[in-house]
Amino acid sequence: MAGPSAASGGKPIRDRDIGARTLAVVTENTQRHPEHAGPHPASPADLPTQYAPAEVEEKLYEGWVARGYFEADPKSERPPYAIVIPPPNVTGSLHLGHAFQHTLMDALTRRRRMQGYEALWLPGMDHAGIATQNKVEQQLAEEGKSRQDLGREAFVERVWQWKEEYGGRILGQMRRLGDGVDWSRERFTMDRGLSRAVQTIFKRLYDDGLIYRAERIINWCPRCLTAISDIEVEYQEDSGELVSLRYGEGEETVVVATTRAETMLGDTAVAVHPDDARYRHLIGRQIKLPLTDRSIPVVADPHVDPEFGTGAVKVTPAHDPNDFEIGRRHDLPSLTVLDERGVITAHGPFEGLDRFEARAAIVHALRGQGRVVAEKRPYVHSVGHCSRCDTTVEPRLSMQWWVKVAPLAQAAGDAVRDGRTAIHPPEMASRYFDWVDNMHDWTISRQLWWGHRIPVWYGPDGEAVCVGPDEEPPGTEAEGWRQDPDVLDTWFSSGLWPFSTLGWPDETPDLAKFYPTSVLVTGYDIIFFWVARMMMFGTYVMDEVPFRSIALTGLVRDEHGKKMSKSFGNVVDPLDWMEAYGSDAVRFTLAGGANPGTDVPIGEDWVKASRNFANKIWNATRFALMNGATVTGPLPDAAEMSAADRWILSRLNEVVAETDRHYEDYQFARLSDVLYHFAWDEVFDWYVELSKTAFARGGRAAEVAGRVLGEVLDVMLRLLHPVIPFVTEELWTTLTDGESLVVAAWPADSGFRDAAAEGEIRTVQRAVTEVRRFRAEQGLQPGQKVPARLALAGTPLTAHEEAVRQLLRLQPEGDGFQATATLPVEGATVELDLSGAIDVEAERKRLTKDLAAAEKELKQTTAKLGNEGFLGKAPEQVVEKIRARRAAAESDITRLKDQLARLG
RNA sequence: GGGCGCGUAGCUCAGCGGCAGAGCGCCUGCCUUACAAGCAGGAUGUCACUGGUUCGAACCCAGUCGUGCCCACCA
């Protein structure tokens, strides 16, 4: 673990627990470089100038939790703001994708809480049916056992044990990240309450005829031995063979192409397109099927594409979804030739062969039959694999439970269409509609043991009874009743998450207060299966959308924009970065990359940059404390304040307004950018430097500057807190003696603006930058004090002589001005005494370059202003801007020519 | 096969009609009393290409090329 001493390059940090308040008192004597400080072992000179996140983060987090800040009160009068966490799998651990979304959710709830909302962020986990069951089965396998050895009840017991022992590692990691979740409301999808919710909605759907049982072709994993849904299938390009087989005898033959020769044993027809002239004569005839003693009919079906292959297709209703449909249309029998493990069941020489062995064996056997194999060529095509274990999925005819989605999906689509739920960014809505408008019925039964068991009982006479949550089974096993052995798809229970976690089906205060929730934050990759299901179930049972808006995030990628994956070896554990640079640094980096709906690249260098930002804030606050900045009492009258004070307060309020705007649009990258640049460029680089003259002067001037600086930091720390809660909390409580930023008020735009001050300071900035450039090019060292004579009368700089001298390290003018360079700045002059050291050539070069640029600008702006089309059509503001630019260019040219002339 | 997006500095990306930007990286000089995890200064672009609309295009339109993702019952 990289502690503060490692991160600080080994500089001594004597007392790591020293807080900034102590610092404020003792840092007067702090030497910047302790190694030069001489032998004062116990002197305050060794105190840290570097922020050490590891020391404060855990302590602060536990304090927040202990004080119950994150616990929401449903009886509160405050307006509600609620987010339910997308429940991570119980088997999972925190990856950067979580860290990313959690940062956004945390920032949203923290800001709302500060704004006075009753804010709830509800945590929990998903039981993750297949994933968890696989995990425990693996564990058993290591002991040489299978789940069948244990039996169902003992196995489920074992899974619960596993959950207690290993599950939920992610919850601890969330604390490390700083997630302000309400731990008193933590939920698990297999909780008793949530199970009741599952049973309740199942029964309701069943009674409404929206759940039914049917035998159909489903995706089957021959390894997991369960049905899986379409979304649990991952398609990969596999190379196989396309084999053309000649069916029939004599004149009546037809060639069909297949990648799955082994299923020919289950063929019950050949299909051709009804309009295909090549085969019209065969329609309705029987053809001899090779290797068997069966003959099968040729049927005409419009599904067949005459352009593909030979235009004729073998039909295996029991082993292919399309063929199943064709079979239904033509009333063909289904002949199952593969069992649940993908092994041939058809009697004959192939019985007992695995499907892949059988494929080769059958092609081999057919080759032995003369002209049956008409052609064989390599063929790359897309094949479904089980997303859990990568086994090739087998389409299988079986009896499963289904949800009839059409009416539910209609309602889910309408909710977005009529604006009850808004999708951010709006472009993403089309993906949502694509999904809900084209949804197939959903297979919800799984042949697993870990999950919510289907609440249907079968009686001795084959009758089925769906049992509600508070009902007894219709009969005992002794009487011949037994419960359906299957469990429900994991997504069935997570689809209920936004209201089941709040207590539904009971009418709880939580449900009344916090449903519908405010926003769902999730990746665009799961908009399809999860979001749509919550929308369906929410509108179905609650008659109200589950969330007012959906904020879609992108995926986290590495620093080159590449997907993080184990095979690339570019996966980063966010915990490592949090240890090394602090949670704030990771959070700030992630938030800074969060443009709505687009992917987020992240690299260690960027986290370091964020760490540097936190450190910068730390040191700026140290400066403020050392100079007696205050945060209480009214701000000084505008008349008492310097232009710099008025400028920074004006900017501060603009920043407050801008931050709010970006929060409303989920523009985290923009608000991070605004705050970063305001803090660093404006407050730290300019305001703090400008305020030094006032602090140096002391008295009332220092008091005023201290109050303004205190105000700026106070507000700034509040604005930054939702994104970087730790460093802001540590500094703010010290600076203000306040209880906690978690429960502090969110800043409001006071409306204070001072355009004149903003203009004045911009002028100072321009002038100072220009002289600095001159100094740099003259080879003057930044700290080197230079005697200078300032003539600023009648210019915007009049009031800022002291500041200009301070910023430029100019000494009061002395006598012997020997070789003097003159720099007219905005009509003012600054004469530096360079004691004959001026580099005339360097200066001439610089001025010539600037002159060329100014002349180009003049030419361009003049051309523009001479353009009648432009004058007629451009908005007045734009024209005005161009005029100002031309005027500036003109004055620059005069000035530069004058300066060049002086150089001789 | 269908749909959506993206090509802007060395890298990763903002900007989406009115002076081409940021972070990181790079060059020069600095321990300037808050901060060397820092400070000051500097360099860097056919805004993928070709046409069009417009007084004005990185931005709007059409096409081309490149690239990524999603969907689909590609035998």
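The values are calculated or read from the model by the stated rules, or taken from the named source; none is laboratory data. No experiment lies behind these values; they were computed from the predicted model shown. Quick reminder, even Gly has a Cβ in these numbers, built from the backbone with ideal geometry, and neighbours come from all protein chains shown.
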* Asked: Taking segment A:381-421 as the search range and keeping residues that are closer than 25 Å to residue A:436 by Cα and among the polar types (S, T, N, Q), which one is farthest from the chain's Cα centre (by Cα)?
  -> A:400
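Got a sec? Which helices (runs of 4 or more DSSP H) wholly within segment A:448-564 have at least 1 residues that are within 27 Å of residue A:130 (Cβ to Cβ)?
Values: elements: A:490-494, A:497-500, A:509-514, A:532-537.
Result: A:490-494, A:497-500, A:532-537.
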* Return a yes/no flag: does segment A:305-319 have any residue that is among the charged types (D, E, K, R), in contact (Cβ under 8 Å) with a residue 24 or more places away in the chain, more than 9 Å from RNA strand B (Cβ to nearest atom) and surrounded by fewer than 21 Cβ atoms within 10 Å (Cβ to Cβ). => no
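Of A:857, A:843, which residue is closer than 30 Å to residue A:780 by Cβ, within 8 Å of RNA strand B (Cβ to nearest atom) and surrounded by 12 or more Cβ atoms within 10 Å (Cβ to Cβ)? Reasoning before the result, please.
Details: A:843 fails: within 8 Å of RNA strand B (Cβ to nearest atom).
A:857 is the lone residue from the list that is closer than 30 Å to residue A:780 by Cβ, within 8 Å of RNA strand B (Cβ to nearest atom) and surrounded by 12 or more Cβ atoms within 10 Å (Cβ to Cβ).
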* Among the candidates A:233, A:256, A:272, single out the residue that is within 12 Å of RNA strand B (Cβ to nearest atom) and within 30 Å of residue A:449 (Cα to Cα). => A:233
* Near pairs, Cβ below 6 angstrom, 6+ apart or cross-chain, from segment A:880-897 (without any contact (Cβ under 8 Å) to a residue 40 or more places away in the chain) to any residue that is charged (D, E, K, R) -> A:882/A:864; A:889/A:857
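Being surrounded by 16 or more Cβ atoms within 10 Å (Cβ to Cβ) and not hydroxyl-bearing (Ser, Thr, Tyr) is the filter here, so list the residues in segment A:556-582 that pass it. Steps first, please.
Kept after step one, since they are surrounded by 16 or more Cβ atoms within 10 Å (Cβ to Cβ), are these residues of segment A:556-582: A:556-558, A:564, A:572, A:574-575, A:577-582.
Across segment A:556-582, the qualifying residues are A:556, A:557, A:558, A:564, A:572, A:574, A:575, A:577, A:578, A:579, A:580, A:582.
Please tell me if residue A:257 is modelled with pLDDT under 85, of a type outside the set (Val, Ile, Thr) and either out of contact with any helix residue (DSSP H, G or I) (no Cβ under 7 Å at 6 or more places or on another chain) or surrounded by fewer than 18 Cβ atoms within 10 Å (Cβ to Cβ) (or both). Show your work before the answer.
Numbers: modelled with pLDDT under 85: yes; of a type outside the set (Val, Ile, Thr): yes; either out of contact with any helix residue (DSSP H, G or I) (no Cβ under 7 Å at 6 or more places or on another chain) or surrounded by fewer than 18 Cβ atoms within 10 Å (Cβ to Cβ) (or both): yes.
Considered against the rule, which asks whether it is modelled with pLDDT under 85, of a type outside the set (Val, Ile, Thr) and either out of contact with any helix residue (DSSP H, G or I) (no Cβ under 7 Å at 6 or more places or on another chain) or surrounded by fewer than 18 Cβ atoms within 10 Å (Cβ to Cβ) (or both), residue A:257 comes out as yes.
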* What pairs can you find where one residue is in segment A:622-635 and in contact (Cβ under 8 Å) with a residue 40 or more places away in the chain, the other is assigned to a helix (DSSP H, G or I) and β-branched (Val, Ile, Thr), and their Cβ atoms are less than 6 Å apart, with a gap of 6+ or different chains? -> A:626/A:27; A:631/A:736
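Restricting to segment A:230-254, give me the number of residues that are crowded, with 19+ Cβ neighbours inside 10 Å and not aromatic (Phe, Trp, Tyr). Walk me through how you get there before you give the answer.
Pass one, segment A:230-254, residues crowded, with 19+ Cβ neighbours inside 10 Å: A:232, A:243, A:245-248, A:254.
From the residues that got through so far, the ones that are not aromatic (Phe, Trp, Tyr) too are A:232, A:243, A:245-246, A:248, A:254.
Of the residues in segment A:230-254, 6 are crowded, with 19+ Cβ neighbours inside 10 Å and not aromatic (Phe, Trp, Tyr).
Does residue A:86 satisfy the condition of being within 28 Å of residue A:586 (Cβ to Cβ) and either modelled with pLDDT under 50 or of a type in the set (Gly, Ala, Ser) (or both)? It would help to see each step written out before you state the result.
On the way: within 28 Å of residue A:586 (Cβ to Cβ): yes; either modelled with pLDDT under 50 or of a type in the set (Gly, Ala, Ser) (or both): no.
Taking the combined requirement at face value, the residue does not satisfy it.
Determine if segment A:183-193 includes at least one residue that is touching an Asp or Glu at 6+ places or on another chain (Cβ under 7 Å) and of a type outside the set (Ser, Thr, Tyr). Quick ask: steps written out before the conclusion?
Within segment A:183-193, the first condition is being touching an Asp or Glu at 6+ places or on another chain (Cβ under 7 Å), and the residues that meet it are A:184, A:189.
In the following step, the residues that additionally are of a type outside the set (Ser, Thr, Tyr) were identified as none.
The answer is no, given that none of the residues of segment A:183-193 is touching an Asp or Glu at 6+ places or on another chain (Cβ under 7 Å) and of a type outside the set (Ser, Thr, Tyr).
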* Which is farther than 18 Å from residue A:122 by Cα, touching a residue at least 40 places away in the same chain (Cβ under 8 Å), of a type in the set (Val, Ile, Thr) and crowded, with 23+ Cβ neighbours inside 10 Å, of A:553, A:539? -> A:553
* Does any residue in segment A:270-283 that is closer than 21 Å to residue A:334 by Cα come within less than 7 Å, Cβ to Cβ, of a residue that is in a loop (DSSP other than H, G, I, E, B) and basic (Lys, Arg) six or more places away or on a different chain, and which pairs are these? -> none
* For residue A:559, all conditions in the list (1) under 30 Å from residue A:706 (Cα atoms); (2) within 8 Å of RNA strand B (Cβ to nearest atom); (3) in contact (Cβ under 8 Å) with a residue 12 or more places away in the chain hold save one; what is the number of the exception? -> (1)
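Which is surrounded by fewer than 17 Cβ atoms within 10 Å (Cβ to Cβ) and assigned to a helix (DSSP H, G or I), of A:359, A:328, A:341, A:377?
Answer to the selection: A:328.
Taking segment A:512-536 on its own, how many of its residues are among the aliphatic types (A, V, I, L, M) and surrounded by fewer than 19 Cβ atoms within 10 Å (Cβ to Cβ)? Spell out how you get there, then give the answer.
From segment A:512-536, those among the aliphatic types (A, V, I, L, M) are A:512, A:519-521, A:526-527, A:531-532, A:534-536; that's our starting set.
With surrounded by fewer than 19 Cβ atoms within 10 Å (Cβ to Cβ) added as a condition, the list becomes A:512, A:526.
The qualifying residues number 2.
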* To do: Could you look through segment A:757-770, keep only residues that are buried (at least 21 other Cβ atoms within 10 Å of the Cβ) and more than 39 Å from the chain's Cα centre (by Cα), and pick out the one that is farthest from RNA strand B (Cβ to nearest atom)?
  => A:757
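So that you can scan it fast, the table gives a plain yes or no per residue for (1) among the acidic types (Asp, Glu); (2) surrounded by 15 or more Cβ atoms within 10 Å (Cβ to Cβ):
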{"residue": "A:735", "(1), (2)": "no, yes"}
{"residue": "A:746", "(1), (2)": "no, yes"}
{"residue": "A:755", "(1), (2)": "no, no"}
{"residue": "A:772", "(1), (2)": "no, yes"}
{"residue": "A:777", "(1), (2)": "yes, no"}
{"residue": "A:795", "(1), (2)": "no, yes"}
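For the subset of segment A:160-197 comprising residues that are of a type in the set (S, T, N, Q) and assigned to a helix (DSSP H, G or I), which member is farthest from residue A:123 (Cα to Cα)?
Filtering segment A:160-197 for residues of a type in the set (S, T, N, Q) gives A:161, A:173, A:184, A:189, A:195.
From the residues that got through so far, the ones that are assigned to a helix (DSSP H, G or I) too are A:161, A:173, A:184, A:195.
Details: A:161: 21, A:173: 13, A:184: 9, A:195: 17 Å.
Filtering segment A:160-197 for residues that are of a type in the set (S, T, N, Q) and assigned to a helix (DSSP H, G or I), the one farthest from residue A:123 (Cα to Cα) comes out as A:161.
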